[in-house]
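Contents: one structure, followed by commentary.
The values are calculated or read from the model by the stated rules, or taken from the named source; none is laboratory data. The structure presented is a predicted model; accordingly, all values stated were derived computationally and were not measured. Note that each Cβ is placed from the backbone with ideal geometry, even for glycine, and that neighbours are counted across all protein chains shown.
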Amino acid sequence: MTTSNRFTYLVITLFMSFITACQSTPNQVLGAPPNISQNQPFTLLPVETEAEIFELNDDIKQQLTTTFPAKKRNLRSTRKLLQFLLDNGDASLSYQSGATLIANQAYNDLNANCLSLSILAYSMADFLGMHSQFQQVHIPEYWALNKGYNLLTGHINLRVSPPRNSGSNISYVYTTESSLIIDFDPNSHSEKFKTSAISKARITAMFYNNKGVTAMLKKQHNTAYSYFLAATKADPLYSGAWGNLAVFLRIHNQLNNAELAYNHALAIDENNNTALGNLALLYRITERHDQADKILTMLDKKRQANPYYHISLGHTAYQNKAYQDAIKHYSKAKRLDNLIHDSYFGLARTYFKLGDLKHANKQLRLANKHADFAHDKKRYQLKLTALSNMTAKVDGY
């Protein structure tokens, strides 16, 4: 993978992070979810309903009706639909990993994440009578740093049926033999990741999950709790939501409830490495070190070949001012995949902290070279300019 801003929905890992890992429904009979919502000190706040998340306002419907006459609606209209989005937004449809918006908001501000843009595309295609299916893209574990948290993120796209003629010149649309895929990451389709169908309820839970993460980063505890709880109710089999709720409870020192939520997340999906790793950290907190070490050793071996794992370790070392360790982790990530701009930026800001401006400049130029999105290139160019003027502040995003 070559880009860091490609992903949408988030879960919490405690390096620390928020995540929504790939989920699967277990074959075994799942026990009842833990009752952890009683006697909570948090105030439950209203959240958007599923209908509100997917709703299109009358102005959007009128524009769609005018642009797509009822007798001429077919899959060929999808190319026109995407051009319609481009014409009503910016020219790049670039998205921000933290911008989780309902369909109406995403239409007015297309600089949203791929979850929000996919919700918008789904709602528009549905209004036009097309059949759409959300898909989870099974990418390797990927972490991004946000306000001191390592955020493990994921990606989805949208399959629209039946097939249409090829020939679209829009980079975000490409065809398969039987359908059209709308993908708001221009790079993900080239890497041939496996996909699996996910429900509208799962998308709703992901929406709540993202909003909960955003609120938690802002220390809006009542809002975060309300969204995390809503995610578990929207899709009770969404393991990532239970894992994130567990992290929230752990942060608020509800260790027993957090452990119950972690174990339920793992009962739903035993391969939820994020929940497993966070459970290990809970074991450490509660002085069950042998159990913790067993889990962490297993996860470390499993993740050694993943460059993003080493980038996340580099972020953690950097935050802890262990700069030599940070250099080792970022360098290992670069050896595993020399096209990821995050590792170069990690090295650049670490060398800057060590006063090595020559190496900081070199790594920052490489970060700029390998960045895929315009907003990353602009960010790096600004830092290069500042560095060249000897007033650089390359720390942070």
Among the helices (runs of 4 or more DSSP H) confined wholly to the stretch 341-394, which include 3 or more residues that are over 19 Å from ILE327 (Cβ atoms)?
-> 374-388
Checked GLU270, GLU259, GLU191 against criteria (over 19 Å from the mean Cα position of the chain (by Cα), in the same structural domain as MET298 (by TED's automatic domain parsing) and modelled with pLDDT under 95); the one match is GLU270
Selection count where residues are charged (D, E, K, R) and closer than 26 Å to ILE340 by Cβ, scope the stretch 268-308 = 4
Of a type in the set (Val, Ile, Thr) and at pLDDT below 50 - does that describe any residue in the stretch 26-43?
-> no
Six or more apart or on different chains, Cβ under 6 Å: which pairs go from a residue in the stretch 329-352 that's assigned by TED's automatic domain parsing to the domain that holds LYS378 and basic (Lys, Arg) to one that's part of a helix (DSSP H, G or I) and surrounded by 24 or more Cβ atoms within 10 Å (Cβ to Cβ)? Could you list them?
-> LYS332/HIS310; LYS334/SER343
Could you tell me whether any residue of the stretch 290-311 is closer than 30 Å to PRO33 by Cβ, acidic (Asp, Glu), assigned by TED's automatic domain parsing to the domain that holds LEU30 and not in a helix (DSSP H, G or I)?
-> no
Can we say PHE248 is without any contact (Cβ under 8 Å) to a residue 60 or more places away in the chain and either within 23 Å of ARG202 (Cβ to Cβ) or part of a helix (DSSP H, G or I) (or both)?
-> no
Which of (1) modelled with pLDDT of 95 or more; (2) among the β-branched types (Val, Ile, Thr); (3) surrounded by 23 or more Cβ atoms within 10 Å (Cβ to Cβ) is the odd one out, the single condition THR286 does not satisfy?
-> (3)
Looking at SER331, SER312, which one is touching a His at 6+ places or on another chain (Cβ under 9 Å) and surrounded by fewer than 21 Cβ atoms within 10 Å (Cβ to Cβ)?
-> SER331
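So which residues in the stretch 219-245 are assigned to a loop (DSSP other than H, G, I, E, B) and either among the acidic types (Asp, Glu) or more than 17 Å from the chain's Cα centre (by Cα) (or both), if there are any at all?
LYS219, GLN220, ASP235, PRO236, LEU237, listed by residue number.
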